[in-house]
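Here is the structure we will look at, set down as structure tokens.
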Amino acid sequence: MATETHCPYCSLQCGMRLTGRRVPEVSAWEEFPVNAGALCRKGWAAAGLYGGRERLTSPLVRDRATGEWAAVSWDDALDRVAAGIRAAQAEKGPDGVAVFGGGGLTNEKAYALGKLARVALGTSQIDYNGRWCMSSAASAGIRAFGLDRGLPFPLADVEETDVLVLVGSNLAETMPPAARHLDRLRARGGRVVVIDPRRTPTADRADLVLQPVPGTDLALALGLLHLLVAAGAVDEDYLAARTTGWAQVKESVAPWWPERVERVTGIEAAQVRELAAVLAGSPRVMVLTARGAEQHSTGSDTVLAWINVALALGMVGTRGAGYGCLTGQGNGQGGREHGQKADQLPGYRRIDDPAARAHVAGVWGVDPDSLPGPGRSAYELLDACGTDDGPSAMLVLGSNIVVSAPNATQVTARLEALDLLVVCDVVMSETAAIADVVLPVTQWAEETGTMTNLEGRVVLRQEAITPPSGVRSDLEVIAAIAERLGSTATFATDPEEVFAELGRASAGGPADYSTITYDRIREEGGVFWGGERLFASSFNHPDGRARMLTVEHRGAAEVPDDDYPVHLTTGRVLAQYQSGAQTRRVRDLPDDGPFVELHPLLAGRLGLATGEAVQVSTRRGTMTASARVVTTIRPDTVFVPFHWVGANRLTNDALDPASRMPEFKVCAARLAAVGRG
Ligand code: SF4
């Protein structure tokens, strides 16, 4: 009998059916509405996660002196973890221990991890890699709307708009089943606009493509709003009835003439005018941002600038229009709602809100005053590891930090400076390889749990196959650590039980799961928290109005100069996912290794041809990869995919002040043909 479940990878959480008890076989689940049976090649090849020889099935402990690994019993491994935690906290207090989670963990795991940190460990030092995914959009959504839900409407609404503006999204390559909505939109006469420094497969489906200098999307939004005001295209009735702050925003965009936009963004003034005219003449406009716009030290303000465009046109809350963010990681949305973020408690509540603390503490059966306050954000937490003021022990779940952190060489050194690094994983990832203790855990089809996809739709991944003997679930590991530390709080290991507790803890919060059950999810094909479409009649601020906030163009933290003369940007390729820890081990997915995409003009200056080795350097590190000479990228920009060790040795750790998002998407770099001096 087939089990209905969801893909192990991205935020679309495509439905699929699995058969077989040892290695699953993937087949289509046509009735699931998000993908209607379609999968990308990663989804079709997902069964390749099983049956490989690299799967870890025994806890491992590393001898630091020799670097040798030894298989140990679960009891021995957990004793060592507990002893290391006690030692760190004896030396540095509760915050001597840190927890680092992931946006791919189920809601149940994210919740249990936050509870482990706040209750059993008593540490404020918890954050997760989702901070690097869409925290800028989350921060902007909360500031503008009072609520952050990636898409406040079903993805299929894309087909109903008249103009879809994709800012920094390559969805045709990163989530291909979603691209059918673009095709249907165009088939009924709608238009697609793509804004991206690279002409991607998504741009191939667009009617208008703008290729700005990386890190200048904010200036483009200011310029568009300037032109919309000049054209009388803003919806003054909507602005008066549903927003605050418009007068200040209107004044702030006055200096953003198209010629100024051209100087900043590199987009010709005529093209800026063309896009503004398209927006002004369309009854429904939808703006969607993704990592290209968000992973900047100005990411939150950049998203706000685009939200201002959507609000000024009167689009937000209108069906087939508005603003949304395309989340990246599988549980990018739910992962940030249930307490593994440094500043939040379950239900997307602020950890410094006394009412939220009292409510959650009541569910957990602890004194609200015993709960720690907000901790460090992901990068700041890692950067503090092993320092006098930082943690000296860390527990990592669902994250391959060595590959995915910005300024990765420095971060790796910080992890190596810890007294104890514990990693829960299924394979010996690059981060597990530098750990002291590695705990082998179940994954995906071996376990049950909920994920919240990019639409805010809570879906259920169901256990389909038998896990190998020797592994435990993350929930069991969390409960075992809590027990060894003498916690009196209850840590359930049954996912449905954890989900019910999560529902109680989230009740009354912005992301309230209290009425969602596994049975409802099964019966309804997923359940939207907060309802299918948000903001139709009011926003989540006390006055019900959206806040239009004035934002200024600041530019990237690092811009090209004589030493580092080109922009470097990073991103994904179709066949790989995130740090590649899973997909690089799937035989049916091509792994060509990292490459450097550059324009023929730049390649010509360097004497480089496709396939030749090129060294890329920034102020933080160096990597060597093969060149790919393409005409689809700006001549002043190079692109490196981040699925392999290397790209993030180059990236900049400058942080957005509002979201603490690092500037993954742009820094200054120099190139040299290898072997030519
Ligand atoms: Fe769908 Fe994303 Fe999985 Fe591809 S990786 S099948 S787009 S959920």
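The values are calculated or read from the model by the stated rules, or taken from the named source; none is laboratory data. Bear in mind that the values here come from a model prediction, so they are computed numbers and not experimental data. Note that we place each Cβ from the backbone using ideal geometry, even for glycine, and neighbour counts take in every protein chain shown. Heads up: the accessible areas ignore ligands, DNA and RNA and are worked out on the full protein's heavy atoms, side chains in. Shrake-Rupley method; radii C 1.70, N 1.55, O 1.52, S 1.80 Å.
Can you confirm whether V234 is in a helix (DSSP H, G or I) and of a type in the set (V, I, T)?
Against the criterion (in a helix (DSSP H, G or I) and of a type in the set (V, I, T)), V234 does not qualify.
Collect the residues in the stretch 30-53 that are over 21 Å from T583 (Cβ atoms) and in contact with a Cys (Cβ under 8 Å, 6 or more places away or on another chain), keeping them in residue-number order.
Within the stretch 30-53, just F32 meets the criteria.
V441: open to solvent by less than 10 Å² (accessible area, probe 1.4 Å) and of a type in the set (V, I, T), yes or no?
Criteria met by V441.
Please specify each residue of the stretch 190-207 satisfying the condition of being touching a residue at least 24 places away in the same chain (Cβ under 8 Å), open to solvent by 30 Å² or more (accessible area, probe 1.4 Å) and part of a loop (DSSP other than H, G, I, E, B).
Listed by number, the residues that qualify are R199, P201.
Can you name every residue in the stretch 526-548 that is small (G, A, S) and under 24 Å from the mean Cα position of the chain (by Cα)?
Matches in the stretch 526-548: G526, G530, G531.
What about C424, is it among the hydrophobic types (A, V, I, L, M, F, W, C), farther than 19 Å from P94 by Cα and in contact (Cβ under 8 Å) with a residue 40 or more places away in the chain?
Yes; evaluated as a whole, the condition is true for this residue.
Listed residues A464, A480, A433; which is out of contact with any Leu (no Cβ under 8 Å at 6 or more places or on another chain) and either open to solvent by less than 10 Å² (accessible area, probe 1.4 Å) or in a helix (DSSP H, G or I) (or both)?
A433
Can you tell which of L227, L182 is under 18 Å from A321 (Cα atoms), in a helix (DSSP H, G or I) and either more than 28 Å from the chain's Cα centre (by Cα) or within 16 Å of the ligand (Cβ to nearest atom) (or both)?
L182
Hey, any hits in the stretch 138-157 for a residue that's among the small types (G, A, S) and surrounded by fewer than 21 Cβ atoms within 10 Å (Cβ to Cβ)?
Yes, the stretch 138-157 contains at least one residue that is among the small types (G, A, S) and surrounded by fewer than 21 Cβ atoms within 10 Å (Cβ to Cβ).
Let me confirm something: among T570, T550, which residue is farther than 26 Å from F642 by Cβ, among the hydroxyl-bearing types (S, T, Y) and in contact with a helix residue (DSSP H, G or I) (Cβ under 6 Å, 6 or more places away or on another chain)?
Every option except T550 fails the conditions.
What do you reckon, is N331 buried (at least 24 other Cβ atoms within 10 Å of the Cβ) and more than 18 Å from the chain's Cα centre (by Cα)?
So N331 does not fit the description; no.
What number of residues within the stretch 364-377 are of a type outside the set (D, E, K, R) and buried (at least 17 other Cβ atoms within 10 Å of the Cβ)?
Number of matching residues: 6.
For a quick check of your reading of the model, give me the residue pairs whose first member lies in the stretch 657-677 and is within 19 Å of H553 (Cβ to Cβ), whose second is open to solvent by 10 Å² or more (accessible area, probe 1.4 Å) and of a type in the set (F, W, Y), with beta-carbon atoms closer than 6 Å and at least 6 apart or on different chains.
A668/Y564
Please go through the stretch 538-559 and pick out each residue that is open to solvent by 60 Å² or more (accessible area, probe 1.4 Å) and at pLDDT below 95.
R554
Enumerate the helices (runs of 4 or more DSSP H) found wholly within the stretch 1-116, keeping only those where 2 or more residues are away from the ligand (no atom under 11 Å from the Cβ).
So the answer is 74-92, 107-115.
Where the second residue is among the small types (G, A, S) and assigned to a helix (DSSP H, G or I) and the first is closer than 27 Å to V213 by Cα and open to solvent by 20 Å² or more (accessible area, probe 1.4 Å) and lies in the stretch 239-262, which pairs have Cβ atoms under 7 Å and are six or more apart or on separate chains?
E259/A269; E262/A269
For the structure I just gave you, tell me whether A310 is buried (at least 22 other Cβ atoms within 10 Å of the Cβ), without any contact (Cβ under 8 Å) to a residue 40 or more places away in the chain and under 30 Å from A557 (Cα atoms).
The answer is yes for A310.
Would you check which residues across the stretch 167-179 are touching a residue at least 60 places away in the same chain (Cβ under 8 Å) and within 16 Å of the ligand (Cβ to nearest atom) and list them?
Selection gives S169, N170, L171, E173, T174, M175, P176, P177, A178.
I need every pair where a residue in the stretch 434-446 that is over 20 Å from T583 (Cα atoms) has its Cβ under 8 Å from the Cβ of a residue that is part of a helix (DSSP H, G or I) and among the basic types (K, R), sequence separation at least 6 or different chains.
Taking only residues 6 or more apart or on different chains, the pairs are D436/R80; V437/R80.
Could you list all residues from the stretch 37-74 that are among the aliphatic types (A, V, I, L, M) and either modelled with pLDDT of 95 or more or buried (at least 17 other Cβ atoms within 10 Å of the Cβ) (or both)?
Across the stretch 37-74, the qualifying residues are A38, L39, A45, A46, A47, L49, L56, L60, V61, A70, A71, V72.
L12 is checked against (1) aliphatic (A, V, I, L, M); (2) open to solvent by less than 20 Å² (accessible area, probe 1.4 Å); (3) more than 24 Å from S579 (Cβ to Cβ) and fails just one. What number does that condition carry?
Here L12 meets the rest and fails (3).
Please work out which one of (1) open to solvent by 10 Å² or more (accessible area, probe 1.4 Å); (2) at positive phi is the condition G456 fails and give its number.
So G456 meets the others, but not (1).
Please find, within the stretch 522-537, the residue that is least open to solvent (accessible area, probe 1.4 Å) out of those that are among the acidic types (D, E) and outside any loop (DSSP other than H, G, I, E, B).
Filtering the stretch 522-537 for residues that are among the acidic types (D, E) and outside any loop (DSSP other than H, G, I, E, B), the one least open to solvent (accessible area, probe 1.4 Å) comes out as E524.
Here are some conditions: (1) within 26 Å of the chain's Cα centre (by Cα); (2) farther than 27 Å from A342 by Cα; (3) basic (K, R). R620 meets all but one. Which one does it not meet?
Failed condition: (2).
Being open to solvent by 10 Å² or more (accessible area, probe 1.4 Å), closer than 25 Å to A557 by Cβ and in contact (Cβ under 8 Å) with a residue 60 or more places away in the chain is the filter here, so list the residues in the stretch 263-289 that pass it.
Residues satisfying the conditions are V264, G266.
For the stretch 484-531, enumerate the residues that are among the polar types (S, T, N, Q) and touching a Phe, Trp or Tyr at 6+ places or on another chain (Cβ under 6 Å).
Correct list: S506 only.
So which residues in the stretch 75-88 are among the aliphatic types (A, V, I, L, M) and surrounded by fewer than 16 Cβ atoms within 10 Å (Cβ to Cβ)?
Within the stretch 75-88, just A83 meets the criteria.
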